[in-house]
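Student: Sharing a structure below in structure tokens format, with a few things to ask.
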Amino acid sequence: MAVVTLARNAMATRFEIVAHGEDPVALRAAGEEALQEVERLENQLSLYRASTEIAHLNARAAFEPVRVSPPVFSLLQHAAQLTAETGGAFDITIGPLVRCWGFMGGTGCMPAPEAVAEARTRVGMNLVTLEPNETTVRFARPGVMLDLGAIGKGYAIDKAAEILRDSGVTSALLHGGTSTVYAIGSPPGGESWRVAIDDPSGGDCATNGIALRDEALSVSAIWGRSFEAEGKTFGHVIDPRTGQPVSGAAMAAVVLNSATETDVLSTALLTLGPEGHARIAGLRPGIRTLLVCRAGSGYRTFASGW
Ligand code: AMP
Ligand code: MG
């Protein structure tokens, strides 16, 4: 049995693949193709590169309907569906608020309340019209800005996993910046892949890891990109309904068979906090959820499906 590991920097993070199989040359070729796909998707979805379909939408869709490629259109429809399913906790129109709170390429800063109020007028999927027959997108007003930061890496992982599978890979683990992991099959001699997560409460998932087999795991957390003010930590996940960064929940993890959906739902779970835990936990059959919140000087954990 051969093992091949490959890595590439993309989407402002590091993607890695470890694959087991009989033929190392074939494994390497499949892995290279999968990483190539991640790069291609970054060139389609990033809002930071002027040439991408999303950057083009952000620049033009307030003035005219803008046609996008069918896969990007489908992804936007999927995002819109997940906005409805999460009660608006996940919303790709979050861009103006991410910028307002200094998280667009930065680690955040406290804005003036008027700036938050103004940004909120440019946030909401009700400002985006998706026209399926034409695969066009139209914004209701200038200043709307799509940010696929909470779905793009998961989507890229799904597409990369699809390429590996189609190439005959039956045992592999791939991740994007450790925030989304996908497990194909199981490792040689094992029942399932075991992935440790950075659970601040030091719970069972931190010590024993999470078992994955043909499933994705995503973790959303406020650390890394956050700032301290008024005795609170403000993180880069923002509640579209209030315009305020998440500060109560510390970490959310979701396991499901779609990396696109675990990416979205972990972000939504972090946003909703304990009040929204049952809603997210009930969205898909077989879903596993974990939410860790600050409670006094310690933590309180909510879990479902384990
Ligand atoms: P993640 O690390 O997957 O939780 O995604 C966080 C990133 O998604 C942030 O850095 C923002 O770019 C964007 N984002 C922040 N809040 C939201 C939200 N409520 N819905 C959708 N995207 C968000
Ligand atoms: Mg996410």
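Readers should treat all values here as calculations from the given coordinates under stated rules, not as data from a laboratory. Small disclaimer: the values here were computed from a predicted structure and weren't measured. We place every Cβ from the backbone using ideal geometry, glycine too, and count neighbours over all the protein chains shown.
Student: Given labels modelled 7 Å from the Cα in the Cβ direction, how far is it in nm from ALA7 to ALA50?
Tutor: 3.2 nm
Student: Taking a ≥ b ≥ c as the square roots of the eigenvalues of the Cα gyration tensor of the range 29-98, is the shape rounded (a/c under 1.5), prolate (a/b larger than b/c) or oblate?
Tutor: oblate
Student: I would also like to ask the following. Take the alpha carbon gyration tensor of the chain, find the square roots of its eigenvalues, order them as a ≥ b ≥ c, and report rounded if a/c is under 1.5; if not, report prolate when a/b exceeds b/c, else oblate.
Tutor: Oblate, because a/c is 1.5 or more while a/b does not exceed b/c.
Student: So what is the diffusion coefficient of the range 46-135 in µm² per second by Stokes-Einstein at 20 °C and 1.002 mPa s, using a Kirkwood Rh over Cα pairs?
Tutor: The calculation lands on 150 µm²/s.
Student: Could you put SER186, SER220, SER192 in order, starting from the residue whose Cβ has the fewest other Cβ atoms within 10 Å?
Tutor: Listed from fewest to most nearby Cβ atoms, that is SER192, SER186, SER220.
Student: Please give me, ordered by residue number, the GluC sites (Glu not before Pro) of the range 178-250 that lie in loop per DSSP and have at most 11 other Cβ atoms within 10 Å.
Tutor: Of the GluC sites (Glu not before Pro), the ones in loops of the range 178-250 whose Cβ has at most 11 other Cβ atoms within 10 Å are GLU191, GLU230.
Student: Could you give the semi-axes, largest first, of the ellipsoid that matches the range 115-218, computed as the square roots of 5 times the alpha carbon gyration tensor eigenvalues and rounded to whole Å?
Tutor: Calculated on Cα positions only, the semi-axes equal 37, 21, 8 Å.
Student: Assuming a ≥ b ≥ c are the square roots of the Cα gyration tensor eigenvalues, decide whether the range 126-167 counts as rounded (a/c under 1.5), prolate (otherwise, with a/b larger than b/c) or oblate.
Tutor: Cα axes put the range 126-167 in the oblate bin.
Student: Could you work out the equivalent-ellipsoid semi-axes for the range 204-306, taking the square root of 5 times each eigenvalue of the Cα gyration tensor, largest first, in whole Å?
Tutor: Three semi-axes, in Å: 23, 15, 12.
Student: Here's another thing I want to ask about it. Once all Cα-Cα distances of the range 1-154 are split into 5 Å bins that start at 0, what whole-number percent is in each one?
Tutor: All Cα pairs considered, the percentages come to 2, 9, 15, 18, 17, 14, 9, 7, 5, 3, 1, 0, 0.
Student: Same structure, new question: May I ask you to compute the full-extension gain from ASP166 to THR301, defined as 0.36 nm times their residue separation minus their alpha-carbon distance, rounded to one decimal in nm?
Tutor: My answer for the length gained is 44.8 nm.
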